[in-house]
Amino acid sequence: MKDSDPDDARRAIDAVWRIESARLIAGLTRIVRDVGIAEELAQDALVAALERWPESGVPRNPGAWLMATAKHRAIDLLRRNERFARKLELLGHELEIEQQLAAPDIEAAEAALDGGIEDDLLRLVFTACHPVLSQDARVALTLRLLGGLTTEEIARAFLVAEPTVAQRIVRAKRTLSQKRVPFEVPHGPELADRLSSVLEVIYLIFNEGYAATAGDDWMRPALCEDALRLGRILAGLMPRQPEVHGLVALMEIQASRSAARTGPSGGPVLLLDQDRSRWDQLLIRRGFAALARANALGGRPGPYALQAAIAACHARALTPEETDWAQIAVLYEALAERAPSPVVELNRAVAVAMAYGPAKGLELVDALTSEPSLKDYHLLPSVRGDLLARLGRTDEARQELERAASLTRNAPERALLLDRAAALSRGRGRGRAGRGPGHG
């Protein structure tokens, strides 16, 4: 495509980079055995595209162009680097790769870089989410290397200063290099622990998009989309892992509600008040299919598969009144056994309240009020306020909702909580115990 408009070329470059950057970095990391160097080489290819494509036009296969450019730069770098032989020995590089890269034949060297790109991508997932890194670093590095996001985009998504995000990424790459984290997929008993770290990172990204912890936006859909894309990629790379499909199912079904979760003014709409005709049926079907795949693989359901089963109960109900809250309470009980936490217990309390009445739910919530980890968790007083309102204890309910509003850092949610508290003061409020952590 010759004589393309520079703006069109830039848009094409941005789109191609978002799609191809992870594969590019993964393939290069297999060769240079350093995520930082691999990303620099990939960035070099991006710069070359920015320089050439506005003039020459976008190539017919832009992803292949970027890969070929990056590969040649990798070969040039390795040939120039006098210390490369020592680095190969230190990192235990494969002998046949070393021999091919030492040869003067460019085609032979490129052949060493080809093949196994899906395996490389899986290795990159496990490297970016390695437990040696802090949670914040894992999230930032995953979005940078696998999501193709810029530092500015990551900072904006998480309301963090751009230099802070940049520092996290630099330190993460340095840590991986210093700790000599192998570029590999773990095996045996280590796989389960490492996979849980990968799934946790992806779901953290999704949750920040689905219910922003702070700022002026109730949701950040782009983060949900990034997490879903990463989850789908992982499911394709690890088709025999039920929890991978469980996580994808959970995200698909939760994402199906996105259009109904905000009102005309952009304010939050809680689950029981949502127009279910706006739920995305394609995403729901995809979620059901992923959940079926998780269940078909057998074994005891994991935490993500159980949460997906809960989400599926909501998705099957055409109206709030049709929701099988008793089954949801049973699933939360199973989840509490599988992955015990105060937040799970709070969710179970909501389900019990909906199935068996607010008094039963309040009894469970009151047992959590002394839990240290929930001390500043705004959803605890929010749920408690809902249940108190349903029991007619209006003054207590209003105080709890006001306390919840003081604890949340999300502006739309704060406004919603204050509106509900004010409605109780005016004598027209009603409890809506539908905004536990898993019921939004």
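Each value in this text was obtained by applying a stated rule to the coordinates, not by laboratory testing. Quick caveat: nothing in here was measured; it's all calculated off a predicted structure. Glycine also receives a Cβ, built like all others from the backbone with ideal geometry; neighbour counts cover every protein chain displayed.
Would you tally the net charge around Arg232, using a Cβ to Cβ cut-off of less than 13 Å, leaving Arg232 out, and scoring K and R as +1, D and E as -1? Before the final figure, lay out the partial values.
Numbers: positive: Arg229, Arg286, Arg293; negative: Glu225, Asp226, Glu252.
So the environment of Arg232 carries a net charge of 0.
Work from the charge dipole of the chain (Cβ charges, +1 for Lys and Arg, -1 for Asp and Glu, about the Cα centre) and give the residue of Ala68, Ala326, Ile31 farthest towards its positive end.
Ala326
Just from its helices, what would the mean residue ellipticity at 222 nm be for the chain, if runs of 4 or more DSSP H residues each count -39500 (n - 2.57) and the sum is divided by every residue, rounded to the nearest 500 deg cm²/dmol? Each step should come with its number before you reach the end.
Details: 21 runs with 302 residues, N = 440.
Mean residue ellipticity at 222 nm (helix-derived): -22500 deg cm²/dmol.
Quick one: net charge of Arg300's neighbours, Cβ under 15 Å, K/R +1, D/E -1? Walk me through the intermediate numbers first.
Values: positive: Arg338; negative: Glu243, Glu333, Glu337.
Charge balance in the 15 Å sphere: -2.
Which whole-angstrom value gives the distance between the alpha carbon centres of the stretch 58-81 and the stretch 188-211?
Cα centres, the stretch 58-81 to the stretch 188-211: 32 Å.
Sort the stretch 304-404 into rounded, prolate or oblate with this rule: let a ≥ b ≥ c be the square roots of the eigenvalues of the Cα gyration tensor; rounded if a/c is under 1.5, and if a/c is not under 1.5, prolate when a/b is larger than b/c, oblate otherwise. Mind dumping the intermediate values first?
Details: a/c = 2.13, a/b = 1.33, b/c = 1.60.
Judged from the Cα gyration tensor, the stretch 304-404 comes out oblate (a/c at least 1.5, b/c at or above a/b).
Select from the stretch 1-61 those trypsin sites (Lys or Arg not before Pro) which occupy a DSSP coil region and have at most 13 other Cβ atoms within 10 Å, ordered by residue number.
Lys2, Arg60
Within straight cross-link reach of Lys179, meaning Cα distance under 12 Å, which aspartates and glutamates are found once same-chain residues fewer than 8 apart are removed?
Output for Lys179: Asp34.
Once both labels are modelled 7 Å past Cα along the beta-carbon direction, what's the Ala326-Arg18 spacing in nm?
Computed distance between label sites Ala326 and Arg18 equals 4.6 nm.
Among (1) 22.8; (2) 28.2; (3) 23.9, which is the computed Kirkwood radius over Cα pairs in Å?
Only one option fits the structure, namely (3).
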